[in-house]
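Student: Have a look at this one.
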Amino acid sequence: MALALFLGFTVLMLLRVPVAMAIGGAVVVTLIYAGFGDGLYIVPQQILEGVDNPSLVAVPFFILAGNLMNVSGMTDRIFNFAMALVGHMKAGLAQVNVLASMVFAGVNGTSVGDIAGLGQIEVKAMRDRGYPADFSAALTVASSVVGPIIPPSVGLVVYAYLSSTSVARLFLAGLVPGLLVGLSLMIFNRFYAARFRVPVEPRATLRQVLVAARDGLTALVAPGIILTAIITGYTTATEAGVLACTYALAVGALYRQLSWRLLWKALSDTMMMSSVVMVIIGFSTVMGWLLAIEQAPQQLAQAMLSLTESRPLFLALLVTFFIIIGCFVEGVPAKLILVPTLLPLIDSYGIDRVHFGIMVQLALLIGIATPPMGIGVYVISEVARVPFERVTLAVLPLLAPLLLMLLLLTYVPEISLTLPNLVMGVE
């Protein structure tokens, strides 16, 4: 039954069926194939049970906070702030691209949101100053990987729900890896993007930096408010999401850029995105129930342990697997399908669940930027109006620093675990 389930899901995904419908279709077909056609009433029961979880209420609030900040002109202020800081460097606009994504992480927390929000601004600015269009688009995809690692992150909230780990601990664990990934891209730019003969931007004056910092400070404060509220125990993750929405509304009112039309757009976009996420979670719960009946997690654990007892080799196989999965399936549904199945195996190898969460998050994000199937490559191709084939070739060199950081985070868990252990104590 497990084989029929995964085979049906894979076929539907290859046919470009939306992820939620692909999971639901595979579940229903598998139940009928296994002779449980009369018991399809269990599907809506499991769906409702899957989404009836208080921790999941945080997801739509974080999505709404990101959308509110998007429509309030935050992206322009973030870009101007990054330009004032590093625009004068060699390959300055390439560095601005990465730094803006790191700052934007505290506003949006999703890769596709980064590409759609900052992508047009970044690609246009780089093209106007002589950077090749394909490189500009490829760098935007690569830098978008940083967003969902640095908190707040919808993907990490979902993982916390699946793995019964602390949202605060996961958010803290993502800070240092996110900064290191961004730094690795900036170092790579210094040597790779510098080969393009483009004019160097004039250095911003102290006054210009202060003005840009004042405007960009609203973006920098957002993740600090969320993290502090959760870590101190002042709020739960859900209440922190509400606090983030309140802050976003206040920022929009302060800059007088949040009209009723834009507010409605933010709310409608949030309703659509949240609905899709919840439908995926519901159908994935049914899939997990079927796999549990088949004892698929236990069988997978036994198979892997019989294949290799080497933890380093297992970690290498694991990250390779998640990169490949990330090419075809977005982060949230991929976690919903795979994490519950793999947790017994992770525990048997003695891998920390927080470390595993950050590792999986980065591996799936690299998959989004990996051609030929990575969804981020398709999105930037449309946003930047650059042929898909050119973006595919241009993004390949930029995967090198991302893969290097993934290996470093995989085999040096202290990078992820030191900060949460210092702040919250060792579990």
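No lab work stands behind these numbers, since they all come straight from the coordinates. Just so it is clear, the model here is predicted, and its values are computed rather than measured. Don't worry about glycine lacking a Cβ; one is built from the backbone with ideal geometry, like all the others, and counts go over all protein chains shown.
Student: Determine, for each peptide in 141-149, 417-425, 317-325, the mean count of other beta carbons within 10 angstrom over its residues, then list the peptides with the highest first.
Tutor: Per-residue mean Cβ counts within 10 Å order the peptides as 141-149, 317-325, 417-425.
Student: Among the lysines, which fall within straight-line cross-link reach of Lys335, defined as a Cα-Cα distance under 29 Å, with same-chain neighbours fewer than 8 residues apart omitted?
Tutor: Qualifying lysines at Cα under 29 Å: Lys265.
Student: Could you list, bin by bin from short to long, the percent of Cα-Cα pairs of the range 153-287 in 5 Å steps?
Tutor: 2, 7, 11, 14, 16, 17, 14, 11, 7, 3, 1, 0
Student: In µm²/s, what is D for the range 215-287 at 37 °C and 0.692 mPa s, where D = kT/(6 pi eta Rh) by Stokes-Einstein and Rh is the Kirkwood radius from Cα pairs?
Tutor: Estimated diffusion coefficient is 230 µm²/s.
Student: Spelling out what I want: for every residue of the range 340-351, take phi, set θ = phi - 60°, compute 6.51 cos²θ - 1.76 cosθ + 1.60 (Karplus), and round to whole Hz; glycine and proline get x.
Tutor: Calculated HN-Hα couplings, in order: x, 6, 8, 4, x, 5, 4, 5, 5, 8, x, 8 Hz.
Student: Work out how much length Leu40 to Phe191 would gain on full extension: take 0.36 nm times their residue separation and subtract the Cα-Cα distance, in nm to one decimal.
Tutor: Taking Leu40 through Phe191 to full extension adds about 48.6 nm, to one decimal.
Student: Compute, for the chain, the length of the dipole vector about the Cα centre, with Cβ point charges of +1 (Lys, Arg) and -1 (Asp, Glu) only. Units Debye, rounded to 20.
Tutor: That gives a dipole near 1540 debye.
Student: Pairs of alpha-carbon atoms within less than 8 angstrom and 6+ residues apart define the contacts here; what relative contact order does the range 40-424 have, in percent?
Tutor: Result for the range 40-424 is 28 percent.
Student: Based on a Kirkwood Rh over C-alpha pairs, give the Stokes-Einstein translational diffusion coefficient of the range 40-424 at 10 °C and viscosity 1.306 mPa s in µm²/s.
Tutor: Calculated translational D: 75 µm²/s.
Student: Using the 10 angstrom Cβ neighbour count as an exposure proxy, how do Ser306, Ser381 rank, fewest first?
Tutor: The most exposed by this proxy come first: Ser306, Ser381.
Student: Taking the Cβ of Ala125 as the center, what net charge do the other residues with Cβ under 13 Å away carry, scoring Lys and Arg +1 and Asp and Glu -1?
Tutor: -1
Student: Can I ask one more? Helix-derived [θ] at 222 nm for the chain: sum -39500 (n - 2.57) over DSSP H runs of at least 4, divide by residue count, nearest 500?
Tutor: Rounded to the nearest 500, the figure is -25500 deg cm²/dmol.
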